Amino acid sequence: MAEAVDMRKFRIRGVIKFLIWTTASGALIVFFWVSYFNGTIYRHYYYKANMDGYAINAFAIAHATKDTPAFLKIGPFESVEGLQAAPVKKGDRLPGNATGIISKKIVGEGKRAALHEGTLKVMIPKEIREARGVRFIDTFKHKGVETNPWGAVWSVAFILFFGASLGLMAEGFTDMMGLKIKKIKHYEGVH
Amino acid sequence: MFEFAIAGIQAPIFLLMITGFTVGIVGGFIGVGGGYMVTPALIVFGFPGYMASGIDIMHIAGKSVVATVRHRQLGNIDWILGLAMVGGTMMGVEMGVRILNWTKALGLSAIALLTGSVVIMLGLFIYTQIETRRAHKRIDEISEAGVTVGRELKATRFSDFWQSIKIYPIVRCHVARIIISLWVIVFVGVCTGVLAGFFGVGGGFIRVPALVYVIGATTHIAVGTDLLEIVVSAGYGGLRHFMSGNVDMVAVFWMILGAMVGAQFGSIATAFVRGPAIRYILAYSLGLAVVGAFFRLIYLLTGQQYMFLNLFAVVFTLGEMLFLCLFIGSLVLFAVQYRRGKWVPAWIPALVVKED
């Protein structure tokens with residue numbers, strides 16, 4: 001009888017724990033997706049330029065080739081939409097939608113990208129390169145981009161809180177189901 | 001298919017959740033982050049290599065919190081031991097990263113990394129296998145004599161030497177029932193941290209054996225305490241990776257959801273088994289990882305000419321996750337059958353516990 005009462009109390013505590021932590025997890029999930037859809041997460045990532053050059057959207061030029069180059073309109077755009085390039089200096093905030101920077105050095109070389117009649121002509125958006133014996137595809141995506149250090153703190157803090165919240169929610173769930181998970185007796189018997 | 005804008009790829013969410021789930025099971029059970037399994041899987045799904053490691057380490061931080069919460073409930077965490085080791089681990093990780101950069105400057109990083117990981121994992125695999133087999137045999141002998149065998153049985157006294165070093169301050173770890181010099185704990189933290197930093201992983205597959213064989217903790221406590229360590233080291237790694245632009249948080253989010261469920265299974269499964277069962281799984285995980293790393297090493301040494309070697313490496317790594325999950329699942333299943341008095345294979349009773 002006493003055992004049944006104990007179990008009932010245990011399960012009620014489990015229900016309360018489960019509800020609290022499910023609410024907390026739900027709130028964190030909503031917070032995450034709101035941050036995703038309003039662009040906060042994106043802005044944490046594409047924060048500042050760490051080289052002089054042209055901020056571009058690498059997706060817009062992905063299909064350019066030597067024969068069919070992409071011509072990007074140059075201007076001080078607040079947001080890079082499609083075939084546009086915004087001149088930036090090291091330390092400048094990146095315009096919206098920018099996913100990489102074509103450096104002035106690359107433009108000066110004129111092999112992969114060059115200035116052409118007031119536009120930025122991109123001929124080789126990706127190339128296979130080799131470094132220390134390992135081949136990799138080199139693109140303009142993420143090139144010259146500096147992330148927001150507070151964004152890194154935000155992300156790690158979110159992940160740790162989210163993990164703790166999910167863990168406690170799961171603990172509440174097993175308690176609610178009456179699965180009494182006891183502490184392991186490490187030192188009983190021969191060891 | 002979901003578009004991961006930052007990673008710049010499209011990938012099915014369920015694959016990420018399944019990866020999180022399977023690595024959650026393995027990680028919760030043997031106390032590793034699972035970086036050496038997840039990164040190749042993410043590359044196969046189309047994530048760029050640098051993104052794969054960043055997403056991996058960030059998801060490991062979250063998953064380890066989930067598993068740590070459950071291991072705390074199971075009484076598998078020695079907070080004093082864990083916190084005493086954190087400083088050494090962080091110092092070691094930083095040293096490991098610097099050594100890596102030094103080998104990079106020499107133009108050796110990929111080959112040095114793979115050769116180092118093959119040698120260390122092979123050594124740990126052989127030692128853990130031999131020791132665990134001996135412990136398994138001893139459990140069988142003790143059980144036949146009609147004596148109750150505890151959760152843990154080790155066939156080595158290596159930790160006695162380390163515990164006999166009396167350099168002050170001496171730390172009393174209540175849960176692990178160890179009295180040991182703080183400097184030994186810091187030393188182990190630094191050594192395992194160097195390897196973790198050098199290989200770019202959480203370091204669980206090195207730290208769990210170190211906690212068991214050098215510090216002298218039981219395997220269950222080593223697993224729980226190591227997960228606590230991983231929360232700190234992977235959290236720090238996640239911060240560094242994010243600042244280097246290697247993390248797509250949306251991919252991390254989906255992986256954590258899968259890992260949350262998997263980590264529950266993995267952590268709770270430890271309550272059904274004895275220490276040697278966990279060490280067997282750890283040894284097999286190391287053994288399979290060695291094979292994968294070996295294929296990759298040969299692939300690099302032959303100038304990346306033979307693509308099938310790289311394919312073998314990936315297949316082995318992905319197969320390893322599945323194999324380990326099935327192994328853990330069957331151990332739990334047999335443990336339940338054993339508790340119910342049903343038939344189980346002859347090798348099972350020594351590895352599982354009848355009741356708590």
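The values are calculated or read from the model by the stated rules, or taken from the named source; none is laboratory data. Keep in mind that what you see is a predicted model, and the values were worked out from it rather than measured. For neighbour counting, all protein chains shown are included, and Cβ atoms are generated from backbone atoms with ideal geometry for every residue, glycine included.
Taking the condition of being touching a residue at least 40 places away in the same chain (Cβ under 8 Å), hydrophobic (A, V, I, L, M, F, W, C) and either within 14 Å of another protein chain (Cβ to nearest Cβ) or part of a loop (DSSP other than H, G, I, E, B) (or both), how many residues in the stretch B:126-167 meet it?
Selection size over the stretch B:126-167: 4.
Might you check whether a residue that is without any contact (Cβ under 8 Å) to a residue 60 or more places away in the chain, in a helix (DSSP H, G or I) and buried (at least 20 other Cβ atoms within 10 Å of the Cβ) occurs anywhere in the stretch B:183-192?
Yes, there is a match, as at least one residue in the stretch B:183-192 is without any contact (Cβ under 8 Å) to a residue 60 or more places away in the chain, in a helix (DSSP H, G or I) and buried (at least 20 other Cβ atoms within 10 Å of the Cβ).
Can you tell me which residues in the stretch B:237-256 are touching a Leu at 6+ places or on another chain (Cβ under 8 Å) and more than 7 Å from chain A (Cβ to nearest Cβ)?
If the condition is that a residue be touching a Leu at 6+ places or on another chain (Cβ under 8 Å) and more than 7 Å from chain A (Cβ to nearest Cβ), then B:Ala251, B:Trp254, B:Met255 are the ones that fit.
B:Val353 is checked against (1) within 11 Å of another protein chain (Cβ to nearest Cβ); (2) over 25 Å from A:Phe173 (Cα atoms) and fails just one. What number does that condition carry?
All conditions are met except number (2).
Can you list the helices (runs of 4 or more DSSP H) found entirely within the stretch A:1-110 that contain at least 2 residues being more than 30 Å from A:Ala170 (Cα to Cα), within 25 Å of the chain's Cα centre (by Cα) and in contact (Cβ under 8 Å) with a residue 12 or more places away in the chain?
In the stretch A:1-110, A:40-45 are the helices (runs of 4 or more DSSP H) which contain 2 or more residues that are more than 30 Å from A:Ala170 (Cα to Cα), within 25 Å of the chain's Cα centre (by Cα) and in contact (Cβ under 8 Å) with a residue 12 or more places away in the chain.
Within the bounds of the stretch A:116-131, is there any residue that is out of contact with any Phe, Trp or Tyr (no Cβ under 6 Å at 6 or more places or on another chain), charged (D, E, K, R), more than 14 Å from every other protein chain (Cβ to nearest Cβ) and not in a helix (DSSP H, G or I)?
Yes, the stretch A:116-131 has at least one match.
For the subset of the stretch B:119-160 comprising residues that are surrounded by 15 or more Cβ atoms within 10 Å (Cβ to Cβ), over 19 Å from the mean Cα position of the chain (by Cα) and hydrophobic (A, V, I, L, M, F, W, C), which member is nearest to B:Tyr280 (Cα to Cα)?
Looking at residues that are surrounded by 15 or more Cβ atoms within 10 Å (Cβ to Cβ), over 19 Å from the mean Cα position of the chain (by Cα) and hydrophobic (A, V, I, L, M, F, W, C), I get B:Ala135.
Condition check: touching a strand residue (DSSP E or B) at 6+ places or on another chain (Cβ under 7 Å) and either small (Gly, Ala, Ser) or more than 8 Å from every other protein chain (Cβ to nearest Cβ) (or both). Does A:Phe140 satisfy that?
Yes, satisfied.
How many residues, within the stretch A:158-191, are at the interface with chain B (Cβ under 7 Å from one of its Cβ atoms) and either at pLDDT below 90 or in contact with a Ser or Thr (Cβ under 6 Å, 6 or more places away or on another chain) (or both)?
Residues flagged as at the interface with chain B (Cβ under 7 Å from one of its Cβ atoms) and either at pLDDT below 90 or in contact with a Ser or Thr (Cβ under 6 Å, 6 or more places away or on another chain) (or both) within the stretch A:158-191 amount to 12.
Across the stretch B:236-268, what is the total count of residues that are within 18 Å of the chain's Cα centre (by Cα) and either surrounded by fewer than 21 Cβ atoms within 10 Å (Cβ to Cβ) or modelled with pLDDT under 90 (or both)?
Here the count works out to 6.
Among the residues of the stretch B:164-214 satisfying the criterion of being over 17 Å from the mean Cα position of the chain (by Cα) and polar (S, T, N, Q), which is nearest to B:Ser64 (Cα to Cα)?
B:Ser181
With (1) within 13 Å of chain A (Cβ to nearest Cβ); (2) surrounded by fewer than 18 Cβ atoms within 10 Å (Cβ to Cβ); (3) under 18 Å from B:Leu195 (Cβ atoms) as the list, and B:Met95 as the residue in question, which single condition is left unmet?
Among (1) within 13 Å of chain A (Cβ to nearest Cβ); (2) surrounded by fewer than 18 Cβ atoms within 10 Å (Cβ to Cβ); (3) under 18 Å from B:Leu195 (Cβ atoms), the lone unmet condition for B:Met95 is (1).
Just name the residue that is farthest from the other protein chains (Cβ to nearest Cβ) out of those in the stretch B:325-350 that are among the aromatic types (Phe, Trp, Tyr) and without any contact (Cβ under 8 Å) to a residue 60 or more places away in the chain.
Across the stretch B:325-350, the extreme among qualifying residues is B:Trp343.
On the basis of being more than 18 Å from A:His142 (Cβ to Cβ) and either in the same structural domain as A:Ile124 (by TED's automatic domain parsing) or at pLDDT 90 or above (or both), does A:His44 make the cut?
Taking the combined requirement at face value, the residue does not satisfy it.
If the requirement is being β-branched (Val, Ile, Thr), in a helix (DSSP H, G or I), more than 10 Å from chain A (Cβ to nearest Cβ) and closer than 12 Å to B:Asp248 by Cβ, which of these qualifies: B:Ile25, B:Ile18, B:Ile80, B:Ile55?
Exactly one of B:Ile25, B:Ile18, B:Ile80, B:Ile55 is β-branched (Val, Ile, Thr), in a helix (DSSP H, G or I), more than 10 Å from chain A (Cβ to nearest Cβ) and closer than 12 Å to B:Asp248 by Cβ, namely B:Ile55.
Using the structure shown, decide if B:Gly116 is surrounded by fewer than 24 Cβ atoms within 10 Å (Cβ to Cβ), in a helix (DSSP H, G or I), more than 14 Å from chain A (Cβ to nearest Cβ) and modelled with pLDDT under 90.
yes
Look at the stretch A:1-43 and say how many of its residues are among the charged types (D, E, K, R) and surrounded by 12 or more Cβ atoms within 10 Å (Cβ to Cβ).
Adding up the residues that qualify gives 4.
Could you list all residues from the stretch B:1-15 that are touching a residue at least 12 places away in the same chain (Cβ under 8 Å), farther than 16 Å from B:Val314 by Cβ and part of a helix (DSSP H, G or I)?
B:Ile13
Can you tell me which of (1) within 14 Å of another protein chain (Cβ to nearest Cβ); (2) over 30 Å from B:Val223 (Cα atoms); (3) among the basic types (Lys, Arg) is the one A:Lys89 doesn't meet?
(1)
Given the options B:Val223, B:Val231, name the one that is in contact with a Ser or Thr (Cβ under 7 Å, 6 or more places away or on another chain), surrounded by 24 or more Cβ atoms within 10 Å (Cβ to Cβ) and closer than 29 Å to B:Phe2 by Cα.
Answer to the selection: B:Val231.
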